[in-house]
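Undergrad: Got a structure for you, written out below as structure tokens; questions coming shortly.
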Amino acid sequence: MLLLLLCLLPPRPLLAEPVMRGFEAVYTLKRESLTIGQTVNTLSRDNTGRYVFESSTVPVGIAAMFVKDKIMERSLWTFHDNQPRPIEYLYDRSGGRKNRTVKLSFDWEKSIVTNVINDDPWQMKIEPGVQDKLLYQLAIAQELKQGKQHIQFQVADGGTTKTYEIGVQGEEPVATPLGNYQTIKVKRLNTNRSITIWFAKELEYLPVRIEYTGREGSHFIAQLKAVKFTNMPAMPVQ
């Protein structure tokens with residue numbers, strides 16, 4: 001009887017993917033107190049419904065007189081189990097003395113990622129939940145929305161997978177050219193570089209400030225100076 005009743009129940013609907021809005025966010029990059037560049041991050045959808053997260057960085061001001069490098073990163077991805085899952089990652093550095101192109105193609109059915117660096121390909125195994133070096137920012141935001149205090153991802157980075165451990169440091173107000181925002185401050189834990197990101201709840205957990213200190217002591221800051229949101233249609237979970 002119980003089996004019959006279960007058969008008569010309507011099927012469970014597919015869980016809708018998290019609602020996200022597209023955006024264009026502009027950041028000012030500083031080394032110490034000197035403005036050296038500008039980064040534009042965008043989130044959109046292509047004509048197949050897949051998400052496209054792209055980041056473009058160019059030198060500005062005095063730095064542009066000496067540095068010609070332009071850096072573009074792009075992650076093509078979908079949602080899987082309510083988390084971003086990469087399909088393809090592209091990194092392109094051009095205009096300077098050392099051009100470099102990196103492409104990662106993720107095959108989740110075979111659990112492999114194909115790496116191509118400057119036309120030299122090889123493959124490696126990956127585990128479920130692996131992120132790419134750009135998409136992990138959006139993955140952190142999704143975890144913060146769920147109230148997570150300690151976040152851990154495997155990230156395809158430099159021809160291998162590395163563990164990124166992220167610890168929530170608490171809430172903190174941050175002043176930006178757009179105004180003051182209450183943020184969640186997070187810090188990467190398992191690295192000899194200091195990386196701290198402030199995510200603004202009011203801006204759908206968009207980073208409003210990023211601080212990076214390298215092993216040699218150089219200090220960089222990215223601060224949000226403009227943002228525009230757009231609506232994107234929801235798609236069924238894959």
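Undergrad: Can you give the calculated 222 nm mean residue ellipticity of the chain, where each DSSP H run of n ≥ 4 adds -39,500 (n - 2.57) and the sum is split over every residue, rounded to the nearest 500 deg cm²/dmol? Numbers along the way, then the final one.
TA: Working: 3 runs with 21 residues, N = 238.
It comes out at -2000 deg cm²/dmol, rounded to the nearest 500.
Undergrad: Okay, moving on. State the answer as a single residue: which of Ala141, Ala222, Leu90 lies farthest towards the positive end of the charge dipole of the chain, with beta carbon charges of +1 for Lys and Arg and -1 for Asp and Glu, about the Cα centre.
TA: Checking the options against the dipole of the chain, the answer is Ala222.
Undergrad: What is the helix-to-structure angle for 136-145, meaning the angle in degrees between its Cα long axis and the longest Cα principal axis of the chain, kept from 0 to 90 and rounded to the nearest 10?
TA: Once rounded, one gets 60 degrees.
Undergrad: Is there a quick way to get the dipole size of region 111-226? I mean about its Cα centre, with the Cβ of Lys and Arg at +1 and of Asp and Glu at -1; what is the value in debye to the nearest 20?
TA: Working: 13 positive and 13 negative charges, 50 e Å.
Dipole magnitude for region 111-226 comes out near 240 debye.
Undergrad: Rounded if a/c is under 1.5, else prolate if a/b is larger than b/c, else oblate: which is region 18-231, with a ≥ b ≥ c the root eigenvalues of its Cα gyration tensor?
TA: On the way: a/c = 1.43, a/b = 1.11, b/c = 1.28.
Rounded shape, in that the Cα axes give a/c under 1.5.
Undergrad: How far apart, in nm, are the 7 Å Cα→Cβ label points at Ala64 and Arg100?
TA: About 2.4 nm separates the two model spin labels.
Undergrad: Which listed residue (Ser55, Asn231, Ser44) has the Cα farthest towards the positive end of the charge dipole for the chain, taking +1 on Lys and Arg C-beta and -1 on Asp and Glu C-beta about the Cα centre?
TA: Ser55
Undergrad: Among the listed pairs Lys68/Lys187; Lys133/Lys225; Lys30/Lys145; Lys133/Lys228, give every one whose C-alpha distance is greater than 27 Å.
TA: Details: Lys68/Lys187 30 Å; Lys133/Lys225 23 Å; Lys30/Lys145 29 Å; Lys133/Lys228 23 Å.
Exceeds cut-off: Lys68/Lys187; Lys30/Lys145.
Here, each number is a calculation from the coordinates, and none is a lab measurement. Note that the structure is predicted; figures quoted are calculated from it, not measured. Here Cβ is always computed from backbone atoms with ideal geometry, including for glycine, and neighbour counts include all displayed protein chains.
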